[in-house]
Amino acid sequence: MDPEIEEKYKKSGKITAQARDYGASLIKEGASVLEVVSKIEDFILKKGGRIAFPVNIAIDDVAAHFTPTHNDKLVFEQGNLVKLDVGVHVDGYIGDSAITIEVGTRNWQDLIKASSDALDVAIEMMKPGVNLMLVGRAIEQTITSYGFKPINNLTGHSLEQYKLHAGISIPNVEEFTKGTVKEGDVLAIEPFSTNGGGRVKGFKKSNIYRFLKEQELKSAEAQRLQRVIKVNRKGLPFSERWCYRYTKKSTKVLQKLVSERAITMYPILKDVKNGMVAQTEHTVIITNDGAKIIT
Ligand code: CO
């Protein structure tokens with residue numbers, strides 16, 4: 001890997017780890033989800049990083065893709081099982097990491113350990129030439145050894161400049177693929193464990209969007225927001241909260257942009273049987289000596 005690019009990955013990875021750990025310290029009973037997320041995003045900017053995607057908070061049976069709206073009243077409650085997923089970039093080179101925290105209880109420590117052990121096992125076996133089917137098998141075996149299921153339709157993903165999902169998927173179950181790991185690959189590995197159905201389905205609003213294609217729009221306000229999104233995000237996800245800074249009618253204008261296919265919205269992903277879900281994620285760089293964790 002080009003040393004200059006590697007430096008940028010190391011910097012984004014370091015800020016990602018700091019933001020994740022800082023965020024974890026803020027998640028407490030009664031804390032506002034909006035406030036926690038805003039503090040983490042401010043922290044990232046203060047450290048000299050840019051935000052790769054809105055800070056994701058996924059509670060209980062939600063596995064991924066939720067961020068609060070600009071006026072969200074949601075608070076953390078005792079017993080919540082919270083996935084905190086943070087992404088930072090430096091010049092488009094992304095660090096992506098997640099942890100799971102229980103709010104005030106210790107009911108789900110085994111479920112959390114199942115996903116974090118699975119991540120350790122996957123990282124341990126990563127080196128150039130390794131078949132991704134074997135990685136998926138190892139993740140699946142680790143999680144099932146705890147008596148839980150991996151989520152079979154969520155995967156890890158390769159990263160490239162300004163690309164959050166750059167083509168390679170890292171399965172969390174044994175799944176036929178000829179895909180292998182190569183030197184220089186940057187991979188976000190993220191096993192999800194659950195006591196539910198082991199599969200997620202999309203539900204309504206995540207408040208997270210991504211730019212698709214510039215469209216001819218009649219409304220000047222929609223046109224303006226489309227422009228801002230295109231220039232500022234370079235294809236990376238964004239939230240309604242950020243758009244609210246540009247227009248107080250953010251919800252309505254975003255709806256318009258979705259219906260015109262200028263942008264798309266991610267649905268909230270929940271376990272199909274409403275099981276509890278844990279997630280652990282690191283970003284690694286593949287070298288000839290194995291996987292180097294940058295987050
Ligand atoms: Co992530």
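Values in this text are rule-based calculations from the coordinates and carry no lab data. Here the structure is a predicted model, which means the values were calculated and not measured. Glycine also receives a Cβ, built like all others from the backbone with ideal geometry; neighbour counts cover every protein chain displayed.
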Checklist entry - How about segment 1-63: which trypsin sites (Lys or Arg not before Pro) there are in a DSSP loop, with at most 13 other Cβ atoms within 10 Å of their Cβ? => result Lys28
Checklist entry - Among Asn153, Gly179, Tyr244, whose Cα sits farthest toward the positive end of the charge dipole of the chain (+1 at Cβ of Lys/Arg, -1 at Cβ of Asp/Glu, about the Cα centre)? => result Tyr244
Checklist entry - Got a sec? How would Val277, Val200, Val103 order by Cβ neighbour count within 10 Å, fewest to most? => result Val103, Val200, Val277
Checklist outcome for this item: Exposure-ranked with fewest Cβ neighbours within 10 Å first, Ser145, Ser169 stand as Ser145, Ser169
Next on the checklist: Give me the one-decimal nm value for the distance between modelled label points at Glu214 and Thr180, 7 Å along each residue's Cα-to-Cβ direction.
Outcome noted: 4.2
Item to check | Ranked Lys252, Lys178, criterion: other C-beta atoms within 10 Å, fewest first | outcome: Lys178, Lys252
Checklist entry - Assigning unit charges at the beta carbon (Lys, Arg +1; Asp, Glu -1) and nothing else, what dipole magnitude in debye, to the nearest 20, does segment 170-225 show about its Cα centre? => result 380
Checklist entry - Given 37 °C and 0.692 mPa s, how large is the Stokes-Einstein diffusion coefficient of the chain in µm²/s, with Rh as the Kirkwood radius over Cα pairs? => result 170
Checklist outcome for this item: Helix 220-233: inclination vs the chain longest Cα principal axis, degrees, rounded to 10, gives 30
Checklist outcome for this item: Taking segment 203-269, the whole-percent share of alpha-carbon pairs separated by over 18 angstrom is 25
Checklist entry - Taking the Cα centre of the chain as origin and charging only Cβ (+1 Lys, Arg; -1 Asp, Glu), how large is the dipole, in debye to the nearest 20? => result 1380
Checklist entry - Of the GluC sites (Glu not before Pro) in segment 203-290, which ones lie in a loop per DSSP and count no more than 12 other C-beta atoms within 10 Å? => result Glu214, Glu216
Item to check | Dipole in debye (nearest 20) - segment 203-269, about Cα centre, beta carbon charges: Lys, Arg +1; Asp, Glu -1 | outcome: 140
Checklist entry - Of Lys11/Lys213; Lys39/Lys83; Lys113/Lys163, which sit over 25 Å apart, Cα to Cα? => result Lys11/Lys213; Lys113/Lys163
Next on the checklist: How large is the Kirkwood hydrodynamic radius of segment 1-156, counting all unique pairs of alpha carbons, in Å?
Outcome noted: 16.8
Checklist entry - Under the classification rounded if a/c is under 1.5, otherwise prolate if a/b is larger than b/c and oblate if not, where does segment 142-234 fall, given a ≥ b ≥ c as square roots of the Cα gyration tensor eigenvalues? => result oblate
